[in-house]
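Encoded as structure tokens, the structure appears first; notes follow it.
The values are calculated or read from the model by the stated rules, or taken from the named source; none is laboratory data. None of these values were measured; they are calculated from a predicted model. Here the Cβ positions follow ideal geometry from the backbone for every residue, glycine too, while neighbour counts run over all protein chains shown. Please note that ligands, DNA and RNA were not included when accessible areas were found on the heavy atoms of the full protein model with its side chains. Shrake-Rupley method; radii C 1.70, N 1.55, O 1.52, S 1.80 Å.
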Amino acid sequence: MNRNIKVIFWVFFLGLYACIEPKENPSITKTDPNILAIGNSITWHPPAPEIGWKGNWGMAASAPGKDYFSVLESLVKSKKPEANLKSENVYPFERGFSSFDFSFYEHLRDFNPDILIIRFGENIGEAEINGNELSESIKLFVDYLANGRKMEVIVTTTFWYSQKVNQQLALSAQTNNWKLVHLTDLGFKEENMAIGLFANESVGRHPGDLGMERIAKRIFETLKSFI
């Protein structure tokens, strides 16, 4: 009799446990997380008439709301309306990562990001990479921006193929337990670029509206688990 009671108890307990829904990733519980995206011209580029670029947003999207950061912002706010998003072109870091003065970006650290999106690398030549120096410099940059705070980090591969740069980006993600989002396959298809829409070929090889949208959606697929 006692054995039957025990069996009934455990069946009831296990059934009750199975009904408990798993909780979502509790990493970011704020209603207004600060999300920072650091990149290059794909993230934002000021007007440059000398190369035929008249926009003041991510090159070469057709309008302000069409670049990947704007699309990503809309996706984030559809889930977290009070989220704060900020972007910055960190081209100077790309060109001088081996000996960079991070205080140049003190204003980004003061933003107190909860989530950091690293979306750069296209302006780093493979000949400039020595050992794991790039990966190590990215970690120093992240540590500076975190300023001792907990911060989730998402790293993307480059849009244009670069084996050594992508190896360093992937290494930084793997070593530090950051999330890695693959984008390089998008850069193999001209449909993702703005080919023929600009006289300057370099501008036209940047992501067009479709490419920007696809970049944003891929990043959001990872980002949404944090918010």
(request) Enter the accessible area of Phe188 (Å², nearest 10), with the probe set to 1.4 Å and all protein chains included. (result) 140 Å²
(message) How large is the accessible surface of Ser135 in square angstrom, using a 1.4 angstrom probe and rounding to the nearest 10?
(response) 10 Å²
(request) Filter the trypsin sites (Lys or Arg not before Pro) in the stretch 45-153 down to the DSSP loop ones having no more than 13 other Cβ atoms within 10 Å, then list what survives. (result) Lys54, Arg149, Lys150
(request) Just the number, please: Stokes-Einstein D of the stretch 36-170 in µm²/s, Kirkwood Rh from C-alpha pairs, 4 °C, 1.567 mPa s. (result) 82 µm²/s
(request) Once you've got the GNM for the chain with C-alpha springs shorter than 10 Å, pick whichever of Ile38, Ile51, Ile154 has the biggest mean-square fluctuation. (result) Ile51
(message) Greater than 22 Å separation of Cα atoms is the criterion. Which listed pairs, Lys164/Lys217; Lys79/Lys217; Lys179/Lys224, meet it?
(response) Lys164/Lys217
(message) Once the cut-off is 33 Å, how many percent of the Cα-Cα pairs in the chain end up in the long-distance tail?
(response) 24 percent
(request) Mind putting together the pair-distance distribution for the stretch 142-227? All Cα pairs, 5 Å bins, whole percent per bin, short to long. (result) 3, 14, 20, 20, 18, 13, 8, 4, 1, 0
(message) Counting only helical runs of four or more DSSP H residues, what would the 222 nm mean residue ellipticity of the chain come to if each run contributes -39,500 (n - 2.57) and the total is spread over all its residues?
(response) -11500 deg cm²/dmol
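What do you get for GluC sites (Glu not before Pro) in the stretch 50-128 restricted to DSSP loop and a cutoff of at most 15 other Cβ within 10 Å of the site's Cβ?
Those satisfying the criteria are Glu82.
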(request) Report, to the nearest whole %, how much of the accessible area of the chain belongs to carbon and sulfur atoms, 1.4 Å probe, protein only. (result) 54 percent
